[in-house]
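Engineer: Supplied in structure tokens, the structure appears directly below.
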Amino acid sequence: MKTNANSIIIAVAIILSAYLFSNAFQNRNQSNDTISVTGLGKKDFTSDLIVWSGSFSKKSFTLKEAYASLDADRAKIKNYLSSKGIADSEIVFSAVSFNKDFETTYNENGTLKQQLFTGFTLTQNVTIQSKEVNKIEDISRQSSELINSGIEFYSNAPEYYYTKLAELKIQMIAEATKDANIRAKSIAENAGAGLGNLKKSDMGVFQITGQNSSEDFSYGGSFNTFSKNKTANITVKLVYQVD
């Protein structure tokens, strides 16, 4: 009888332990039920800073003559830009770079015959940075006037920037977070559950592309500088507890 009683006690203990373990496991899973959502923040904006640059060159047999010719062209370029209403503080000339030029000739068998010195080529860059975006944009399109005046001027495409990017990013994070919260509430309500506390949040990559363009987002974030009108995008991932 004593053996049977001990067997019954052991059996009951095993069943009770199994029940308690099962119940604890179920409660643990319930406490870890979460909803993961991604919200989007998107904003169109117009650049408020333009950077336009170009380069000009002169070649002469002597370094002194090349420098004198380059100085004359630099003065003409500065006068031209000033006549267009660009302030001196917005015009920056770089240091002058120069190359020694050689004409190389070869023998009939392809071996080097001689290198003949043909002169020096001097090059200088000029950069204009201004908040008068439309004005500088128009001037960049008229830069052929410098070429017509005899200056060997090469114009680069303008680059466009936005000086209030930090403030814009904060606004977009708030917008993306609000969007994610609305999505999470909708999912919880449709599932007949309640939305609990926020457990985790992650911010995605900040992307800037041209408006109405087919530019692809990049893993490290894209930063368009060749479009005046841009679109910024950012995502925020939120993980909520489910009640």
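The values are calculated or read from the model by the stated rules, or taken from the named source; none is laboratory data. Keep in mind the model is a prediction, meaning the values are calculated, not measured. No Cβ is skipped: glycine too gets one built from the backbone with ideal geometry, and neighbour counts run over all protein chains shown.
Engineer: Answer yes or no as to whether Gly54 is surrounded by 14 or more Cβ atoms within 10 Å (Cβ to Cβ), outside the structural domain of Asn125 (by TED's automatic domain parsing), modelled with pLDDT of 95 or more and outside any helix (DSSP H, G or I).
Structural biologist: Working: surrounded by 14 or more Cβ atoms within 10 Å (Cβ to Cβ): yes; outside the structural domain of Asn125 (by TED's automatic domain parsing): no; modelled with pLDDT of 95 or more: yes; outside any helix (DSSP H, G or I): yes.
Against the criterion (surrounded by 14 or more Cβ atoms within 10 Å (Cβ to Cβ), outside the structural domain of Asn125 (by TED's automatic domain parsing), modelled with pLDDT of 95 or more and outside any helix (DSSP H, G or I)), Gly54 does not qualify.
Engineer: Give me a count of the residues in segment 184-195 that are crowded, with 16+ Cβ neighbours inside 10 Å and either of a type outside the set (A, V, I, L, M, F, W, C) or touching a helix residue (DSSP H, G or I) at 6+ places or on another chain (Cβ under 6 Å) (or both).
Structural biologist: 1
Engineer: Now, a different point. Among (1) exposed (fewer than 15 other Cβ atoms within 10 Å of the Cβ); (2) without any contact (Cβ under 8 Å) to a residue 60 or more places away in the chain, there is one condition Phe98 misses while meeting the rest; what is its number?
Structural biologist: With respect to (1) exposed (fewer than 15 other Cβ atoms within 10 Å of the Cβ); (2) without any contact (Cβ under 8 Å) to a residue 60 or more places away in the chain, Phe98 is out only on (1).
Engineer: Looking at Ala157 and the list (1) aliphatic (A, V, I, L, M); (2) surrounded by 12 or more Cβ atoms within 10 Å (Cβ to Cβ); (3) touching a Phe, Trp or Tyr at 6+ places or on another chain (Cβ under 9 Å), which single condition is not satisfied?
Structural biologist: Condition not satisfied by Ala157: (2).
Engineer: So for segment 203-215 (the condition being out of contact with any Ser or Thr (no Cβ under 6 Å at 6 or more places or on another chain) and farther than 25 Å from Ile50 by Cβ), does at least one residue qualify? Write out each step before concluding.
Structural biologist: Quick first cut of segment 203-215, residues out of contact with any Ser or Thr (no Cβ under 6 Å at 6 or more places or on another chain) only: 203, 205-206, 208, 212-214.
When the remaining residues are screened for being farther than 25 Å from Ile50 by Cβ, the result is 203, 205.
For segment 203-215, residues out of contact with any Ser or Thr (no Cβ under 6 Å at 6 or more places or on another chain) and farther than 25 Å from Ile50 by Cβ: present.
Engineer: How about segment 142-177: which of its residues are within 22 Å of Leu122 (Cα to Cα), free of Cβ contacts under 8 Å to residues at least 40 places away in the same chain and either part of a helix (DSSP H, G or I) or hydroxyl-bearing (Ser, Thr, Tyr) (or both)?
Structural biologist: Ser144, Ile147, Asn148
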